[in-house]
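Scroll down for the structure; my scribbles are underneath it.
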Amino acid sequence: MLLVNVIYLRRLTLARTLARLGSTEGYETLIDYLEDNRANLAEFAHMALEELTGCNNGKDPQAWRQWLAGARSALKPIPLVDRLDG
């Protein structure tokens, strides 16, 4: 069971990375996970969407899909502002 959660967490992390790079596929995957019955994965997706967009559409996939439809042409990479080397 733990291995399964690790696999899904990796998929979510990859989706967040793709979204940060401006990929609609990344955002779509995060939105899909909002409906996941594993609360920790749905919450991770929700927090990532809020962090990346600055919007709070709750965990409503339809609201996020509407946001993505309106933002699709304006998506750009989001640079990291934290230093990775300490």
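The values are calculated or read from the model by the stated rules, or taken from the named source; none is laboratory data. In this text the structure is predicted, and so the values were computed from the model without any measurement. FYI the Cβ positions are ideal-geometry reconstructions off the backbone, even for glycines, and counts take in every protein chain you see.
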key: Out of 26, 70, 22, sole residue that is assigned to a helix (DSSP H, G or I), out of contact with any helix residue (DSSP H, G or I) (no Cβ under 6 Å at 6 or more places or on another chain) and of a type outside the set (A, V, I, L, M)   = 70
remark   = Contact list, first residue from region 73-86 and modelled with pLDDT of 70 or more, second anywhere and outside any loop (DSSP other than H, G, I, E, B), beta-carbon distance below 6 Å, six or more apart or interchain, is 78/20
remark   = How many residues of region 21-51 are crowded, with 17+ Cβ neighbours inside 10 Å, under 16 Å from residue 80 (Cα atoms) and out of contact with any Phe, Trp or Tyr (no Cβ under 7 Å at 6 or more places or on another chain)? The answer is 1
message = Just to be sure I understand, how many residues within region 46-67 are part of a helix (DSSP H, G or I) and without any contact (Cβ under 8 Å) to a residue 12 or more places away in the chain?
response = 6
remark   = By residue number, the members of region 33-45 that are more than 18 Å from residue 18 (Cβ to Cβ) and either basic (Lys, Arg) or in contact (Cβ under 8 Å) with a residue 24 or more places away in the chain (or both) are 35, 38, 40
